[in-house]
1. If you take semi-axes √(5λ) of the Cα gyration tensor in Å from the coordinates, which of (i) 34, 24, 20; (ii) 51, 21, 19; (iii) 85, 24, 22 do you get?
2. Run the simple label-point estimate for residue 201 and residue 173 please: 7 Å along Cα→C-beta, distance reported in nm.
3. How far apart, in nanometres, would the label points at residue 265 and residue 124 be if each is projected 7 angstrom from Cα along the Cα-to-Cβ direction?
4. Using only the Cα atoms of the range 95-155, build the gyration tensor, take square roots of its eigenvalues as a ≥ b ≥ c, and label the shape rounded, prolate or oblate: rounded if a/c is under 1.5, else prolate if a/b is larger than b/c, else oblate.
5. Hey, what number do you get for the chain at 222 nm if only DSSP H runs of n ≥ 4 count, each worth -39500 (n - 2.57), divided across all residues, to the nearest 500?
6. Need the full-extension length gain, residue 109 to residue 47, defined as separation in residues times 0.36 nm minus the C-alpha distance. One decimal, nm.
7. Tell me, in nm to one decimal, what length is gained between residue 88 and residue 335 on full extension, where the rule is 0.36 nm per residue of separation less the Cα-Cα distance?
8. Be a star and scan the range 142-158 for residues whose amide nitrogen sits under 19 Å from the point 7 Å along the Cα-to-Cβ vector of residue 116.
């Protein structure tokens, strides 16, 4: 009985093997190829667009300060006040400064008496020529010291240098302030040109030229776009931010206030060669690098690294990596790997 069961199992396995041999294996077909769309790669000359942001101000914005240091006695205006040329804005406590002026006056009067006395002695041949000259020099020095003390006295107060507005008050009454430290920021009463001061990187700095056109917008005026032009760019980095500064002069500015935040798109006049690549074709983008798939024979995909210049709404501008490629794969890239077989879609 046991032997007959073994014979039956053997016959069953042989029959199964014969059926398997009679079944044909499926051949490799086009279903293994990834369907893709491609476009030819052509390099073109494009003008970079630099996007930046900054604050609105006027070209006559001024920092006002005391020439001498001391204790602030009075601050007569506040932020937003309208000021007129020559108006008194702030004063220092003059106790120390008046003492210096009085001291200089006393020294001048003494030098004047000494010079007159030595001059009389010199005429009587009692004093020497050297003594007479020294006395005259001493009088001249004392006179100049009095002028300096009087000058410092006149600049121990701050007056408006023109009609305008107080944009910012940086110090208060009773505060001890150093010579030249800003107390007010003012600008003209609509007479200055409005500018947007923005920070840019070193690469953007090299792409921007004086005279380049720009479009400027601000969230304070939605839907409003101002035409602007690059009128100045710094020759060194800002010590605080470490970036370069560019100034855009606004044409036909209206409804703008100093300190508003603005955004600018600067159209560089400097041309560069680049490939215009659809946004969806770029993979694994990070900073200025990324990857795309290309094909040289329309049968195999090849993954190549590229250098990205900038990304716009629908396109990416590539400036390196595609020199030896013929066609770009613009769809189906998510299912590809290096060397994958492809099938072109019409």
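1. After the calculation, the listed value that fits is (iii).
2. The modelled label-to-label distance comes out at 5.1 nm.
3. Here the modelled spin labels are 9.2 nm apart.
4. Values: a/c = 4.92, a/b = 3.11, b/c = 1.58.
It is prolate, given that a/c is not under 1.5 and a/b is the larger ratio.
5. Values: 4 runs with 82 residues, N = 346.
Result for the chain: -8000 deg cm²/dmol, rounded to the nearest 500.
6. Numbers: separation 62, 0.36 × 62 = 22.32 nm, distance 7.22 nm.
Stretched out fully, the residue 109 to residue 47 stretch lengthens by 15.1 nm.
7. Working: separation 247, 0.36 × 247 = 88.92 nm, distance 7.41 nm.
Full-extension gain reported as 81.5 nm.
8. 142-144, 146
Coordinate-derived values only; no laboratory data. Keep in mind that what you see is a predicted model, and the values were worked out from it rather than measured. Note that each Cβ is placed from the backbone with ideal geometry, even for glycine, and that neighbours are counted across all protein chains shown.
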